[in-house]
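Following: one structure in structure tokens, then a few remarks.
The values are calculated or read from the model by the stated rules, or taken from the named source; none is laboratory data. Being a predicted model, the structure only gives us computed values, none of them experimental. Cβ coordinates were reconstructed from backbone atoms using ideal geometry, including for glycine residues, and neighbour counts include every protein chain displayed.
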Amino acid sequence: MPDSPLAQPVSASDFAGRHGQRALEVARGVCRLFARNGVWLIPEMPLRNRRRADLMGLDPRGQIVIVEIKTARGDLMGDGKWPDYLDFCDRFYWALPPELDRACLDGADFRPDLCGIMVGDAYDAEIVRPAPSQPLAPARRKAEIERLARAALRRQTVLGDPACASWE
């Protein structure tokens, strides 16, 4: 089904186009940090609630991680959709560039009891506040892991053979 949100592969230029160069740099740093720790992420992962996670992946224990990247204060303060991601992950992180003031993330509106904070640039990232684990129900985790796997496999296949992009 070519109209599916998973139908098109996502490239770095697509991600940068939607989020800007600074967000792409933060994503790169986050991916490097997580990769060193056995956490593998894919960008722009569509969720079943019609939202799209900036980065989504799996840790070595099979827990699902979502990272929402913000590079401007206005974008961060105006983001009312982030709680919609919590039903699809065991851990949720905000990822910001070092120059962005993150003090607002300690306020009640940003639920510090549910959200971790990362600071990153094009070279690396650091976890400033670990994300608390909010375990998904086993059936939900299984369904989301299968969706992640299918999306990652599809993207890999299309990278090798772009003609496959229209097949479902």
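Please enumerate the residues belonging to segment 44-54 that are on the phi > 0 side of the Ramachandran plot and surrounded by 17 or more Cβ atoms within 10 Å (Cβ to Cβ).
Of segment 44-54, the ones on the phi > 0 side of the Ramachandran plot are 44, 50.
The answer is GLU44, and nothing else.
How many residues, within segment 62-82, are touching a residue at least 24 places away in the same chain (Cβ under 8 Å) and more than 14 Å from ALA131 (Cβ to Cβ)?
Here the count works out to 9.
Please verify whether segment 55-65 includes one or more residues that are touching a helix residue (DSSP H, G or I) at 6+ places or on another chain (Cβ under 6 Å), loosely packed, with under 15 Cβ neighbours inside 10 Å and either in a loop (DSSP other than H, G, I, E, B) or modelled with pLDDT under 95 (or both).
no
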